[in-house]
């Protein structure tokens, strides 16, 4: 079997996009290589994703701005327990719980609602990279006990908030109060 040549693939037109496929290797085994697929196929795959990406990005920006605003209103002193971030994550996770119950058990929302509110707004608001950054900052400043307490407490409180909000929302729906 002859070695694979990039010139042998259909990869030279500017109206193509990169994709991965399997092509024969010189020793007879399959070898994953990249070649160019027609642009029409790429557009077909992305057709429904553009609006989802746009609303997710918009929601993420709004959620991150809200988190930043909360951190400016209630700053955490160096070495202190980051109560603001704990509350942000707890509130955001509770809102996730409500969103998931309402959107999956009450009424199917428009296809862009979950990406906007869930992944976007609430994902940007509760970003756990900021949580990890606070832990690293505390440990780096010599407050490892506070960092460990924040790590554990945030996980417990966030999970409890999501579960509790889901349970309360289900009860309210069952009683017809929503």
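Ordering 142-148, 70-76, 89-95 by mean Cβ neighbour count within 10 Å, with the highest value first, yields 89-95, 142-148, 70-76. The packing ranking of peptides 108-115, 121-128, 96-103, highest mean first, is 121-128, 96-103, 108-115, where packing means the average number of other beta carbon atoms within 10 angstrom of each residue.
Taking 0.692 mPa s as the viscosity and 37 °C as the temperature, the Stokes-Einstein diffusion coefficient of segment 48-174 based on its alpha-carbon Kirkwood radius rounds to 212 µm²/s.
Throughout, read-outs are computed from the coordinates displayed, never taken from laboratory work. Since this is a predicted model, take the numbers as computed values, not measurements. Virtual Cβ from ideal backbone geometry, glycine too; neighbours counted across all protein chains shown.
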